[in-house]
């Protein structure tokens with residue numbers, strides 16, 4: 001694994017300095033003051049002693065073995081020093097030095113050369129261009145951060161060194177402890193996947209948190225994160241949410257799917273909890289680190305003020321939680337312990353004059369109720385409120401409780417004495433109810449993910465040769481676009497139902513086909529150069545007799561020639577008309593990091609207006625496909641609203657899984673849409689009536 005970084009027996013600081021203004025001094029000073037128990041070797045070609053330690057000119061001059069080096073020399077000298085490290089048998093290098101990939105083309109080449117040397121000698125690298133790393137259990141601080149955090153069970157990784165310093169300062173003020181604290185920098189070698197693998201079996205860590213700017217390999221991240229999240233929660237905050245991470249695309253899916261949608265989908269499938277802010281990152285992580293895992297979504301509230309109790313109740317519903325229904329026995333017990341004016345219902349209002357003993361009685365009674373999964377204790381500073389005593393009482397109860405308890409000491413000046421007691425005794429506190437409830441929501445989301453069956457995606461028997469034939473034909477003609485007339489063969493090859501359909505070069509042939517399949521029919525322009533048929537008036541629905549077929553045929557050809565004069569026109573596609581069905585869309589856009597990103601939402605021409613869509617990374621499981629459907633805001637329209645029969649949701653799930661396999665099997669598919677997939681009533685199936693697909697350039 002990465003023991004050379006998290007359990008080294010000897011460390012060399014290359015670029016150590018006697019000048020206290022230099023990073024080489026600050027890093028060495030941090031290492032010495034952290035109490036590192038192993039051998040420390042400052043490396044400097046001109047000095048003889050720094051901080052009471054003997055200085056060596058080169059790692060090759062060090063008499064004993066070196067497990068890890070920290071490098072703080074100019075970038076142009078790093079590669080040659082890495083060769084010396086390789087000759088010495090060094091296993092790990094933390095390269096704080098900047099001036100590599102982030103510095104432009106010259107830096108890119110230098111970083112490539114650095115990695116080649118590291119690979120040659122089997123040296124693992126953190127950085128370059130990083131803050132350094134801290135391990136509180138070794139203990140060891142090889143960073144230039146101003147301060148060392150307390151020991152704790154939270155492991156932190158960040159691509160941003162500057163954010164590391166701010167977070168460390170925040171953690172010191174909030175007395176939040178870490179097991180590991182790693183600045184990844186350029187991630188030339190060790191990245192998020194490496195650390196997830198290394199920390200997944202670490203019994204000193206029970207929560208992993210991360211600040212992520214980008215991932216090199218989204219699919220590999222999902223695979224490793226899923227394995228690690230099965231053992232401990234992973235919480236991530238992702239920056240760059242509004243940046244468009246995809247190239248300009250022409251499909252509905254492509255226009256709706258930016259990089260952020262891929263990250264959200266990938267995190268969700270991997271069991272990674274996404275925090276919206278750094279504040280939430282710590283709100284969630286302290287709840288997981290300090291309290292038992294929430295087993296259900298039933299929350300009790302104990303408060304000395306009605307307003308905050310109502311605020312918390314509202315927040316519960318917005319975060320997938322419910323107000324616990326207290327048993328009759330619990331309510332009777334509360335009535336016997338509380339004043340008559342107090343509320344024995346949930347939220348339990350112990351009144352503004354409640355002292356610590358009344359709080360504790362209510363808390364003990366509520367915790368004992370089998371209908372309660374977690375408790376939020378709200379304290380507002382009033383004249384009778386015993387801020388400190390109540391905090392001590394909650395701490396005492398937490399040492400015995402098997403259910404999570406979160407504090408909400410509201411306010412600042414009067415509440416701080418109690419907040420400090422909670423922080424020092426590992427009881428999470430939140431200044432406002434909504435933040436506490438969101439933390440409970442994160443715990444419940446993780447519990448739900450753990451309960452899901454984490455199986456591989458389903459595999460169907462398909463006709464790959466038929467698909468290859470369609471792709472080859474398009475390639476031979478120099479095309480990357482495949483319209484509905486050709487795409488029907490792809491859908492059939494993957495077992496997705498399609499209406500009776502064919503393409504005809506003459507109106508006579510079209511009429512004969514209509515007489516065979518029956519009226520009404522839908523007619524579309526058939527052209528490899530017109531993929532968005534509705535844009536040119538290239539679709540006519542409800543064609544109901546021979547005369548209308550002939551008229552529609554001529555109209556479609558005329559409109560196509562008018563709008564796209566140079567288009568190759570095959571004729572008209574005649575399609576069986578599907579009625580009494582609801583429209584949904586299934587699409588895919590290939591994300592640079594995560595690969596095939598599958599989309600689902602209501603179909604038709606309004607999909608980009610409503611933007612009521614969800615995403616998953618293919619391949620996906622049946623549970624994930626079902627969740628996609630249930631996540632859209634308009635799900636009730638499919639489930640059956642106002643007496644309407646439910647749509648065939650199983651047919652949608654089946655189609656999603658088959659499309660998931662299609663886009664996984666064929667990486668040359670850049671983007672595609674089925675719009676619409678017409679879904680009949682429950683048990684009656686679904687039919688893909690229009691599909692378009694774009695291949696990557698050869």
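The values are calculated or read from the model by the stated rules, or taken from the named source; none is laboratory data. Quick caveat, the model's predicted, so the values are computed rather than measured. Virtual Cβ from ideal backbone geometry, glycine too; neighbours counted across all protein chains shown.
Test of understanding: among 504, 460, which residue is in contact (Cβ under 8 Å) with a residue 40 or more places away in the chain, more than 30 Å from residue 151 (Cα to Cα), surrounded by fewer than 16 Cβ atoms within 10 Å (Cβ to Cβ) and not assigned by TED's automatic domain parsing to the domain that holds residue 308?
460
Among the candidates 192, 213, 174, 197, single out the residue that is more than 26 Å from residue 35 (Cα to Cα), surrounded by fewer than 19 Cβ atoms within 10 Å (Cβ to Cβ) and in the same structural domain as residue 111 (by TED's automatic domain parsing).
197
Just to be sure before I move on: is residue 104 farther than 17 Å from residue 31 by Cα, surrounded by fewer than 24 Cβ atoms within 10 Å (Cβ to Cβ), touching a residue at least 24 places away in the same chain (Cβ under 8 Å) and out of contact with any strand residue (DSSP E or B) (no Cβ under 9 Å at 6 or more places or on another chain) in the structure I sent?
For residue 104, the condition - farther than 17 Å from residue 31 by Cα, surrounded by fewer than 24 Cβ atoms within 10 Å (Cβ to Cβ), touching a residue at least 24 places away in the same chain (Cβ under 8 Å) and out of contact with any strand residue (DSSP E or B) (no Cβ under 9 Å at 6 or more places or on another chain) - is not met.
Give all pairs with beta carbons closer than 7 Å in which a residue from segment 132-157 that is assigned by TED's automatic domain parsing to the domain that holds residue 292 meets a residue that is modelled with pLDDT of 95 or more and assigned to a strand (DSSP E or B); count only pairs at least 6 apart in sequence or on separate chains.
That search, which allows pairs on different chains as well, returns nothing.
Looking only at segment 425-442, decide whether some residue is farther than 19 Å from residue 376 by Cα and surrounded by fewer than 21 Cβ atoms within 10 Å (Cβ to Cβ).
No - not one qualifying residue is present in segment 425-442.
When the residues of segment 510-522 are filtered to those that are free of Cβ contacts under 8 Å to residues at least 60 places away in the same chain and surrounded by 14 or more Cβ atoms within 10 Å (Cβ to Cβ), which remaining residue is nearest to the chain's Cα centre (by Cα)?
Per the criteria, the residue is 521.
Of the conditions (1) under 22 Å from residue 62 (Cα atoms); (2) part of a helix (DSSP H, G or I), residue 112 fails just one. Which one is it?
Unmet condition: (1).
Name every residue in segment 681-694 that is buried (at least 19 other Cβ atoms within 10 Å of the Cβ) and not in a loop (DSSP other than H, G, I, E, B), in order of residue number.
Within segment 681-694, 686, 687, 688, 691, 692, 693, 694 meet the criteria.
Just the residues that are part of a helix (DSSP H, G or I) and out of contact with any helix residue (DSSP H, G or I) (no Cβ under 9 Å at 6 or more places or on another chain), please, taken from segment 557-576.
557, 558, 561
Hey, residue 293 hits all of (1) over 20 Å from residue 420 (Cβ atoms); (2) touching a helix residue (DSSP H, G or I) at 6+ places or on another chain (Cβ under 7 Å); (3) buried (at least 18 other Cβ atoms within 10 Å of the Cβ); (4) in contact (Cβ under 8 Å) with a residue 40 or more places away in the chain but one; which does it fall short on?
(3)
Name the residue, out of 525, 539, that is farther than 29 Å from residue 681 by Cα and within 47 Å of the chain's Cα centre (by Cα).
525
Among the numbered criteria (1) closer than 19 Å to residue 582 by Cα; (2) in contact with a strand residue (DSSP E or B) (Cβ under 9 Å, 6 or more places away or on another chain); (3) crowded, with 17+ Cβ neighbours inside 10 Å, which single criterion is violated by residue 640?
All conditions pass for residue 640, except number (3).
For segment 537-554, which positions are surrounded by 14 or more Cβ atoms within 10 Å (Cβ to Cβ) and in contact with a strand residue (DSSP E or B) (Cβ under 7 Å, 6 or more places away or on another chain)?
538, 539, 540, 543, 549, 552, 553
Which of the numbered conditions does residue 128 fail, given that it passes all the others? Conditions: (1) closer than 23 Å to residue 32 by Cβ; (2) assigned to a loop (DSSP other than H, G, I, E, B); (3) within 29 Å of the chain's Cα centre (by Cα).
(1)
Determine whether segment 61-69 contains at least one residue that is touching a residue at least 60 places away in the same chain (Cβ under 8 Å) and part of a helix (DSSP H, G or I).
Checked against the condition, which is being touching a residue at least 60 places away in the same chain (Cβ under 8 Å) and part of a helix (DSSP H, G or I), segment 61-69 yields no hits at all.
Quick one: which helices (runs of 4 or more DSSP H) lie wholly within segment 436-525 and hold at least 2 residues that are within 30 Å of residue 296 (Cβ to Cβ) and at pLDDT below 95?
Answer list for segment 436-525: none.
Give me the residue from segment 4-23 that is touching a residue at least 60 places away in the same chain (Cβ under 8 Å) and closer than 18 Å to residue 136 by Cβ and, out of that set, surrounded by the most Cβ atoms within 10 Å (Cβ to Cβ).
Going through the qualifying residues, I end up with 5.
For segment 319-419, which fully contained helices (runs of 4 or more DSSP H) count at least 3 residues that are within 38 Å of the chain's Cα centre (by Cα) and surrounded by 14 or more Cβ atoms within 10 Å (Cβ to Cβ)?
356-367, 387-400
Do we have residue 13 as within 38 Å of the chain's Cα centre (by Cα), in a helix (DSSP H, G or I) and in the same structural domain as residue 198 (by TED's automatic domain parsing) here?
no
What's the total number of residues in segment 225-261 that are part of a helix (DSSP H, G or I), buried (at least 19 other Cβ atoms within 10 Å of the Cβ) and at pLDDT 50 or above?
Qualifying residue count for the region: 5.
Restricting to helices (runs of 4 or more DSSP H) lying wholly in segment 605-680: which have 2 or more residues that are under 20 Å from residue 588 (Cβ atoms)?
607-610, 622-631, 649-665
It is to be established whether one or more residues within segment 159-173 are within 18 Å of residue 274 (Cα to Cα), within 19 Å of the chain's Cα centre (by Cα) and not in a loop (DSSP other than H, G, I, E, B).
No: segment 159-173 contains no residue that is within 18 Å of residue 274 (Cα to Cα), within 19 Å of the chain's Cα centre (by Cα) and not in a loop (DSSP other than H, G, I, E, B).
Looking at segment 22-48 only, could you name the residues that are more than 40 Å from the chain's Cα centre (by Cα) and assigned to a loop (DSSP other than H, G, I, E, B)?
Selection gives 44, 45, 46, 47, 48.
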